[in-house]
Each structure stands twice: as structure tokens, then as C-alpha cells.
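Worksheet for the structure shown next.
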Amino acid sequence: MSGPTAETTAFIKHLGRRDLVLTSAGHCQPMQFLSLLAQGDASMDTRLMNALTLCANPWMAKRFRQFSLNRLDSPGKHYSFGFGPLDHETRRAGLTEMAATDAPTLADFFGTGRPFSVLCLGAASVDSLGNINLGPFVDISLDLLAKAQEIGARVLVEVNRKLPRSSGESVFRRELVDEIFESSWDPPEFQCPPRDAIDAEICRLACTLIGDGATLAAGVGTLVEGTLLGLADKKNLGVYTECFSNAMVKLHEAGAINNRRKGFMEEGSIAAYSLGDRTLSRFIDGRADIHLTSGSFIVEPHNIRRNRSITAISQVAQADLSGQVSFTGPGSTHCWGMGLMPVIHREACASGGGRSIVLLRSAPPGAVISNIEAALFAGHRGVLNPSEVDYLVTEHGIADLRGGGDRDRALNIIAVAHPDHRPRLLAQAEEAGIV
């Protein structure tokens, strides 16, 4: 196994405006494939879609250079289900757009209206029997692979042996792939931005809502990471989550996570992907008690409800007085258009003993605007409805949104808004007849 064949290289370079290309994301971003894509003139018209960008995308970098030189006149576009730290500049330039859909509808999203030409998956290894290990980012890869077989798309696998091997439902057969080639780039690391005093207070308050024996389901974000790190003194925690992170490594090492009281798949921590630094990669490499599986399995409602005390924790960017929340907002760098957590939050609210907790700074750092408004800002999609959130936590307290009516919810939310904005929010609620 070496680099792509001449036939595949030519095929990649000549992808054009009619082609939609899907790739793995995060640590498994296929850099050799993207470099080859950037070498073709026709490929500048290609539509590229992935889930999370962690390192510089050669194809996107070339398009951005052309844009900067006012030479960009092609309709090619990058679409992402979630914005990584490198996507924001290209988004401001109009070269990247958010693709918003929920994980359960992903297969339908790529139906007859959006067929794709190529699926390139990053992988960690291929054994002598032809078993391909997807490594740390299973997520939607298996679901896309099944769709590729259905529509006849070309499937390529880029193997990077520097990626950690994962255990669980992360292996598939060589027969499902058109070509396998190898690369040797250093996988990117991911670290959440440092927390300040306001972040620390939100995390402290959130920890008071999580008791011994909880099954953790966590999204991505500084506030989520800080909350998890504050649970090191808890006992018998379990994991059934979208993302397995560095904080969960520390909880494993502290003995807080042992998965003994989950009630479902107690042999290990269950996740769709891992996201973190080299410490995380070394920790999960080949471990049988870190079980990565497909996103469609994680969001199956019956599977979620079989976990005792499922506790969903997500960081959001804004909330309104009804209790609706959004993962995006003005000035927010935490942007997510699709993911597994909304489904887990919904089921956590519906299951006995479950909890849905969202974390929010009452105002952006250094800003005079509020992240809590009477209604979500225009153009920002609500991800969780009022009935899908139990607790909203800001640095000013915990808003209990369970039960009650519109008036109780609005007053509880106003009480945890920034003090400078509370009088205005109360007046708007009165004017709207909510209180």
C-alpha cells in the first residue's frame, strides 16, 4: 500500500462543479486526498463537505488565495456540519457555509437531491485480513459508507498509521472500498480555549446538578470540558456520548468513570468519536473499554433511554425567554449545525432520571450585548426547544425550566441573565404578555 494510483490521482484532479465530495473530519481529515484535490483546476468548482475542520485544508487554502486575489469566479463551496477554529475566516468570506441537519436524517440528506460522487475516509490501519479501522472519528463515517454503496459513489480510504486505533464498531471490510492509499502527516491536536473566572463559575454551578452514578453525554466546548473536569470526586459515572474528550480521560484515570451503573453496555465508555490531544490518542489506542460506534447507533432513542440517569451537557451560544437555545450566536466561535447531542438532550428530558443541561455565558466576553434575548437573533437556528432543556446555567445561577408555564420559564431565565439586561428583558416579557 502506497500513494493513490495514477488512475485515482487523475480522477481526483478532474472532479468538477457537478461533484459533491464528502470527507472524514477532525483528526481523520484526509490531507493527501485534499492536497490532490487542490492540484486540479476543475476541482476548484467542486462542492466539498465535512463535519469539522481541525487543520489547514489545502483545497480551501487555494480557494481562499484566489478569493484574496479577486480571481475567484467559480461556484465551488465548502459546507460543514460543524465549524472548527479554521472555518470562521472562510465563512466570513462566504466560502464556507453551515450545513444544518440532524444526525437521524443524515442518510435522507444525501438522497436523490444531494448525491455525492466521492467519499474519502481517514483510517488508522488495515490488517492482513483486510479489516479497516477508522480510528478516532467513527461518527457518521459508517452511515456515509452505507449510503455510498447504495448510490454507487466512489469510496477511497486514506490510511494514516499515526492515528490511534479504536475499538468497537469502527471496523469494516476492504471489499467496500475502491482504493486504499497511505499518508503520514501528523494528526492535528484539539484543545478547548482556556477558561476565565466567569467560565469557572458556570462550570462549578453545573457540577452541582450532576450526582454519583450519572451517565454522561457531552458535546464540545470550553464550558463542557470544565464541567467534566469538576466531576473527578464523583463515583460510578458512565459514558454514552457524542464526543469522548480529554476531560473524560482524566475522569477514567481518577476512577470517577467505571461504567458499572449505566445499565446498558457497561463494558466500557460509548462514543461516536474522540477529540483531543496526543494524551487522548495514546489513551484510546486499542483500548477495549473505549467503544466507538456510529452516530446512528448513538442517537437511537431506545439505546439512549437504556442508560440510567442519562445526563446531557452542551454549551450553547444564546437562549430566548421561552427556553429555546441555539448553538450559534453573534460573536460566537462555538458553531454547530448538526450533531448527536440534540437527540440525546431530547431523550434525557423524556427518560426517568435523565437531565438536559445547557451552559451559557450571559454575555459574550467584552461585549455589551446579551446572550439571552426575548427571541433568538435573526438568522440563528434554534437547536433545542423549551421542552428539551431542564436546566440553563449561566454565571449568575441555574434556571430550572422543568414544568411550569411560559411565565415561570421566562422569569427563571431573566433571573440568570446579565444584571444590566434584566430590566429590559422583563419589560419585553411584559409587553409580549408573557409575565
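The values are calculated or read from the model by the stated rules, or taken from the named source; none is laboratory data. Everything quoted here is computed from the prediction, not taken from an experiment. Neighbour counts are summed over all protein chains in view; Cβ atoms, including those assigned to glycine, are modelled from backbone coordinates with ideal geometry.
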Considering residues of region 23-43 that are of a type outside the set (G, A, S) and in contact with a helix residue (DSSP H, G or I) (Cβ under 6 Å, 6 or more places away or on another chain) only, the residue farthest from S281 (Cα to Cα): Q39
Residue satisfying all of: in region 21-60; aliphatic (A, V, I, L, M) and assigned to a loop (DSSP other than H, G, I, E, B); surrounded by the fewest Cβ atoms within 10 Å (Cβ to Cβ) among these: A56
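Please state which one of F190, F172, F137 is outside the structural domain of H27 (by TED's automatic domain parsing) and not acidic (D, E). Let's see the steps before the verdict.
Values: F172 fails: outside the structural domain of H27 (by TED's automatic domain parsing); F137 fails: outside the structural domain of H27 (by TED's automatic domain parsing).
Only one candidate qualifies: F190.
Please specify each residue of region 145-196 satisfying the condition of being part of a loop (DSSP other than H, G, I, E, B) and charged (D, E, K, R). Steps first, please.
Taking region 145-196 first, the residues part of a loop (DSSP other than H, G, I, E, B) are 152-153, 161-166, 169-170, 177-178, 184-196.
Within region 145-196, R161, K162, R165, E169, D178, D186, E189, R195, D196 qualify.
Given the residues A427, A417, A410, which is the only one that is surrounded by fewer than 19 Cβ atoms within 10 Å (Cβ to Cβ), more than 26 Å from the chain's Cα centre (by Cα), modelled with pLDDT of 90 or more and aliphatic (A, V, I, L, M)?
Details: A417 fails: surrounded by fewer than 19 Cβ atoms within 10 Å (Cβ to Cβ); A410 fails: surrounded by fewer than 19 Cβ atoms within 10 Å (Cβ to Cβ).
The match here is A427.
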Hey, K234 at negative phi, of a type in the set (K, R) and out of contact with any Asp or Glu (no Cβ under 7 Å at 6 or more places or on another chain) or not: no
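Going by what's in this entry, would R287 be described as part of a loop (DSSP other than H, G, I, E, B), among the basic types (K, R) and assigned by TED's automatic domain parsing to the domain that holds L229? Outline the logic, then answer.
Details: part of a loop (DSSP other than H, G, I, E, B): yes; among the basic types (K, R): yes; assigned by TED's automatic domain parsing to the domain that holds L229: yes.
Taking the combined requirement at face value, the residue satisfies it.
Inside region 187-208, can you point out the residues that are modelled with pLDDT of 90 or more and not hydrophobic (A, V, I, L, M, F, W, C)?
Applying the first criterion (modelled with pLDDT of 90 or more) to region 187-208 yields 194-208.
Selection gives P194, R195, D196, D199, E201, R204, T208.
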Qualifying residue in region 272-280 (condition: at pLDDT below 95, assigned to a loop (DSSP other than H, G, I, E, B), outside the structural domain of P164 (by TED's automatic domain parsing) and surrounded by fewer than 23 Cβ atoms within 10 Å (Cβ to Cβ)): yes
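Which of the residues that make up region 244-271 are outside any loop (DSSP other than H, G, I, E, B) and more than 21 Å from the chain's Cα centre (by Cα)? So that I can check it myself, show each step before the final result.
Residues of region 244-271 outside any loop (DSSP other than H, G, I, E, B): 244-254, 257, 269-271.
Of everything in region 244-271, those that are outside any loop (DSSP other than H, G, I, E, B) and more than 21 Å from the chain's Cα centre (by Cα) turn out to be H252, E253, A254, I257.
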Residue tally, condition in a loop (DSSP other than H, G, I, E, B), under 23 Å from the mean Cα position of the chain (by Cα) and among the acidic types (D, E), over region 197-220: 0
Output for region 9-20, where each listed residue is surrounded by fewer than 19 Cβ atoms within 10 Å (Cβ to Cβ) and within 23 Å of K162 (Cβ to Cβ): T9
Matching residues in region 164-196 - criterion: being surrounded by fewer than 16 Cβ atoms within 10 Å (Cβ to Cβ) and in contact with an Asp or Glu (Cβ under 8 Å, 6 or more places away or on another chain): Q191
